[in-house]
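For reference, the structure discussed in these notes is given below.
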Amino acid sequence: MTASPRIIAIENVTKRYLTSSGPVEALHEVSLAVGEGEFCTLIGPSGCGKSTLLGMLGGLVPLDSGRVLVDGQPVTGPDPRRVATVFQDAGLFPWRTTLENVEFGLELQGVPAERRRGVATELLGPLGLRGFAGKYPRELSGGMKQRVAIGRALAIDTKILLMDEPFGALDEQTRLLMGEWLLDIWRRTKKTVIFVTHSLQEALLLSTRIAVMTARPGRIKSVLEVGMDYPRLMESGELVALRAKLWSEIREESLRAMGGRL
Ligand SMILES: Nc1ncnc2c1ncn2[C@@H]1O[C@H](COP(=O)(O)OP(=O)(O)OP(=O)(O)O)[C@@H](O)[C@H]1O
Ligand SMILES: [Mg+2]
C-alpha cells in the first residue's frame, strides 16, 4: 500500500480472451493500488498480461470480473482527459510532421489550432526535438520517434501516463538516456506513471515501486518498494541487492512460462 492518495485501484480483476482454440485466461484476480505521483512498473514474463492490464486502465480492454478505478471512478472506456498511453510501437502518423504528431491528441479534444500549436511547440524543447518540428517520422531516429510518441501523450496533459515498453525497440545506450530524460519529465510534471518493461535495470533505475507478475494467468506475485533517491546508480550496493531479489522472482516465473525448461 502507498502513502500518497491512490489514483488507481485494480481490484480482483480477471480477464479471459476467447480464441479459436478456447478461452485463454490472461489475468487472474489481480489487485494493485497505485498512489498519486508514483512511478509504478509492471514486469513479468511475456504473455503474463501486462499489456492487457494497461489496456484496461486505458479503457481499451473490457474486464470479465473485478473493478478498475481511476480517480475513484470505474473505467468504462477511453478517457483522454485522465489517461494517456504510449504504446510499444511509436505508432506515429507517417504523413504528419513531428509537430503535427504531437498535436494529434489535442486535435481530438477539439483544442483550437493556435493553442495546440503553442502547446506542442513548447513541448519540443524538453523532448529534445526543437530542430525537428517539420520533419516526418521517416526522417527521425528510433529514439526521436519514441520521444514524439511520448510528446503526443504529454501534450494532452493527463494525470496518468501509461507506457507499454516505450523503449523496448531502442539500443541500450539510447534507452539509458531516454530513461534519464523520462525521469526528468516525470519529476517535473508529477504525473502518475504506469510503466511496462522487460529490463530489470530500467525498472530499478526508474520506479518507485515494481510489481512482479506471475506467468500466465497473470497475478501480482510481489511488489518491491524502491526507496532510493534519483538519479540512481546501478552499481550502488542497494540496487545490486534489489536486482538480485528481482531477478530471482522473475526468473522463476519466466521458467514457468517456458514450461520449466530452458
Ligand atoms: N486480443 C486477444 N485475443 C486473444 N488472446 C489475447 C489477446 N490479447 C492478448 N491475448 C493473450 O493474453 C495473454 C496476455 O497477453 P498480453 O499481451 O497482455 O501479455 P504481455 O504481458 O503484455 O506480453 P509481452 O511481454 O509479450 O508484451 C497472452 O497469452 C496473449 O496471447
Ligand atoms: Mg505486452
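Some observations on this one:
- Where N is the number of residues in region 1-157, Cα Rg divided by 2.2 N^0.38 Å: 1.19
- You can think of it this way: the chain between TYR230 and TRP247 has 4.0 nm of extra reach, that is 0.36 nm per residue less the Cα-Cα gap.
- Environment charge of GLY143, counting only residues whose C-beta is closer than 11 Å and scoring Lys/Arg +1, Asp/Glu -1: +2
- Relative exposure of ASP171, ASP184, ASP71, judged by other C-beta atoms within 10 Å (fewest first): ASP171, ASP184, ASP71
- A Förster radius of 35 Å, combined with the Cβ-Cβ distance separating LEU18 from ALA169, puts the computed FRET efficiency at roughly 0.70.
- Between 0 and 90°, nearest 10: helix 237-257 axis offset from the chain longest Cα axis: 70 degrees
- Student exercise, region 92-157 dipole from Lys, Arg, Asp, Glu Cβ charges, in Debye to nearest 20: 200 debye
- Difference of contour (0.36 nm per residue) and Cα-Cα distance, ASP64 to THR121: 16.4 nm
- The C-alpha atoms of the chain define a longest principal axis, and helix 142-155 lies at about 80 degrees to it.
- Environment charge of GLU29, counting only residues whose C-beta is closer than 13 Å and scoring Lys/Arg +1, Asp/Glu -1: +2
- Taking every alpha-carbon pair under 8 Å whose residues sit at least 6 apart, region 92-157 reaches a relative contact order of 51 percent.
- Degrees, to the nearest 10: 172-189 long Cα axis against longest axis of the chain: 80 degrees
- Burial order of peptide ranges 197-205, 230-238, 62-70 (average beta-carbon count within 10 Å, highest first): 197-205, 62-70, 230-238
- Estimated [θ] at 222 nm from DSSP helical runs (n ≥ 4, -39500 (n - 2.57)) normalised by residues in the chain, nearest 500: -11500 deg cm²/dmol
- Other residues lying with their Cβ under 10 Å from the Cβ of VAL226 contribute a combined charge of 0, Lys and Arg counting +1, Asp and Glu -1.
- Applying D = kT/(6 pi eta Rh) to the chain, where Rh is the Kirkwood radius over alpha-carbon pairs, T corresponds to 25 °C and eta to 0.890 mPa s, the Stokes-Einstein value obtained is 129 µm²/s.
- Of LYS15/LYS50; LYS50/LYS135; LYS15/LYS221; LYS50/LYS221; LYS145/LYS191, pairs whose Cα-Cα distance is over 23 Å: LYS50/LYS135
- Only Lys, Arg (+1) and Asp, Glu (-1) charged, at Cβ; region 48-179 dipole about Cα centre in debye: 220 debye
- Cα-centre dipole for the chain with unit charges at Cβ (Lys and Arg positive, Asp and Glu negative), debye to 20: 220 debye
- For region 114-216, applying the loop criterion from DSSP together with a ceiling of 13 other beta carbons within 10 Å to the trypsin sites (Lys or Arg not before Pro) yields LYS190.
Every number in this text was worked out from the coordinates using simple rules, so none of it is lab data. All values reported here derive from a predicted model rather than from experimental measurement. Neighbour counts run over all protein chains shown; Cβ positions are idealised from the backbone, glycine included.
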